[in-house]
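Each remark here refers to the structure printed beneath this line.
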Amino acid sequence: MSVTVITVAYDARMGRWQPDSRGRLAKAAMELYGERGFEQTTVAEIAKRAGLTERTFFRQFADKREVLFAGADSLQEVLVTAVADAPSSLPPIAAVALGLDAVAGMLQPGRDHSRERQAIIAANPDLQERELIKLATLGAALADVLRRRGVRDPAASLTAEAGIAVFKIAFERWVAETGEPDLSRLIRESLDELRAVTAAV
């Protein structure tokens, strides 16, 4: 799964007073991770390419990994809010589907960034572990909002885990496919596959 970091074009000659230091640092970091690899890139190099100081970097990010995971809270908020606001008449998996569709709408414009990010994470075991932790946190938040909707366990936990699995598989297809695949469509297809599999049990 991936989280989108919003960036803007920057010029390394820009003075340090210029706005959007976070976006400039994120852009510089992604470029360097792609060119040199995550492990080989230092915070000092990221700051230099962005035309900023290391101190500015650490005001924006806890460490260089956070550039890749900085959007996790926003993604979780979008998912949880959409599920919480879903009509009360909807069954749990349908409410989760609405939440995943909202996340897809958030991520779709940043597909190129998501593909770059996924390649960086795939090349680093520590980052893969961090990604799994992020997905587990997302699943826990999803289960919690389902409980608040009146869904009891184990149904809440099972539905949340299924939703995260659907999202993960659809996301992996989305970043791997050529052309301009639609993440919402891929999520719906994965949900249909899940329904088909469980209906056959």
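Here, each number is a calculation from the coordinates, and none is a lab measurement. Note that the structure is a prediction, hence the values are computed from the model and not measured. Every residue, glycine as well, gets a Cβ built from its backbone with ideal geometry; the counts of neighbours run over all protein chains shown.
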message: Looking at the calculated P(r) for region 119-180, what percent of the C-alpha pair distances fall above 15 Å?
response: 59 percent
query: What is the ratio of the Cα radius of gyration of the chain to 2.2 N^0.38 Å, where N is its residue count, to two decimals?
result: 1.13
query: Once both axes come from the Cα atoms, what is the angle between helix 155-176 and the longest principal axis of the chain, in degrees from 0 to 90, rounded to 10?
result: 50 degrees
task: Estimate the FRET efficiency between LYS48 and ALA165 by the formula 1/(1 + (r/R0)^6), using the beta-carbon distance for r and 30 Å for R0, to the nearest 0.05.
output: 0.15
message: Distance between the C-alpha centers of region 159-177 and region 121-153? Whole Å please.
response: 12 Å
query: Given only helices, namely DSSP H runs of n ≥ 4 each adding -39500 (n - 2.57), what is the per-residue ellipticity at 222 nm of the chain, to the nearest 500 deg cm²/dmol?
result: -22500 deg cm²/dmol
- request: Go through LYS27/LYS134; LYS64/LYS134; LYS27/LYS48 and tell me which ones have a Cα-Cα distance over 19 Å in this structure.
  value: LYS27/LYS134
statement: Those trypsin sites (Lys or Arg not before Pro) from region 155-201 that are DSSP loop and have at most 12 other Cβ neighbours within 10 Å turn out to be none
query: Quick one: putting +1 on the C-beta of Lys and Arg, -1 on the C-beta of Asp and Glu, what dipole do you get for the chain around its Cα centre, in Debye to the nearest 20?
result: 520 debye
- request: May I ask for the Rg/Rh ratio of region 25-144, computed from Cα atoms with Rh as the Kirkwood radius, given to two decimals?
  value: 1.06
